[in-house]
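Below: one structure, written as structure tokens.
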Amino acid sequence: MKRILVRYTVKPDRVAENEELVRAVYTALHELEPADFRYATFQLEDGVTFVHLASIDGEDGHNPLPGLPAFQAFQKDIADRLDEGPFAGEVREIGSFNFSNG
């Protein structure tokens, strides 16, 4: 099992664009329905900081994101949208309670 956390801060005038690109990734994931893959995106209360959490549970560790045209569009010119980051790294779960249930 692999868990990856990504955090970045978007320029205030690019927040709506970033949200639209993120939603397109979710549309693609819902169409593809990849097995053994979980993904969540959160926007912090400052309105410009985003956190993505991916969980890849399969034995092969396949991450479907890089192969999605919507994700490629999200990554294209990302440096122009950001004020800070992205910071990415693998994380280790210490514990959770009903995290993916709501």
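The values are calculated or read from the model by the stated rules, or taken from the named source; none is laboratory data. This structure is a prediction, so every number in the text was calculated from the model and none was measured. Reconstructed Cβ throughout: ideal geometry from the backbone, glycine too, with neighbour counts over all protein chains shown.
Computed quantities for the displayed model
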quantity	calculated
Qualifying positions in segment 38-66 - over 14 Å from residue 6 (Cα atoms), among the small types (Gly, Ala, Ser) and at pLDDT below 95	58, 61
Answer residue from segment 11-49, given it is assigned to a strand (DSSP E or B) and in contact with a Gly (Cβ under 9 Å, 6 or more places away or on another chain) and is farthest from residue 94 (Cα to Cα) among those	49
Filter result for the condition that a residue is surrounded by 12 or more Cβ atoms within 10 Å (Cβ to Cβ) and among the basic types (Lys, Arg), over 81, 92	81
Some residue of segment 82-89 being closer than 14 Å to residue 21 by Cα and either of a type in the set (Asp, Glu) or at pLDDT 95 or above (or both)	yes
Whichever residue in segment 63-73 is in contact (Cβ under 8 Å) with a residue 24 or more places away in the chain and not hydrophobic (A, V, I, L, M, F, W, C) and, among such residues, is surrounded by the most Cβ atoms within 10 Å (Cβ to Cβ)	64
Search result, residues across segment 43-62 that are more than 17 Å from residue 78 (Cα to Cα) and of a type outside the set (Gly, Ala, Ser)	44, 45, 46, 53, 56, 57, 59, 60, 62
Matching residues, segment 48-71, being of a type in the set (A, V, I, L, M, F, W, C), under 13 Å from the mean Cα position of the chain (by Cα) and within 21 Å of residue 23 (Cβ to Cβ)	50, 51, 53, 54, 65, 68, 70, 71
Flag if residue 16 is in contact with a helix residue (DSSP H, G or I) (Cβ under 8 Å, 6 or more places away or on another chain), hydrophobic (A, V, I, L, M, F, W, C) and at pLDDT 95 or above	no
For residue 60: the one exception among (1) touching a residue at least 12 places away in the same chain (Cβ under 8 Å); (2) part of a loop (DSSP other than H, G, I, E, B); (3) surrounded by fewer than 16 Cβ atoms within 10 Å (Cβ to Cβ)	(1)
Verdict on residue 74 being among the aromatic types (Phe, Trp, Tyr) and under 11 Å from the mean Cα position of the chain (by Cα)	yes
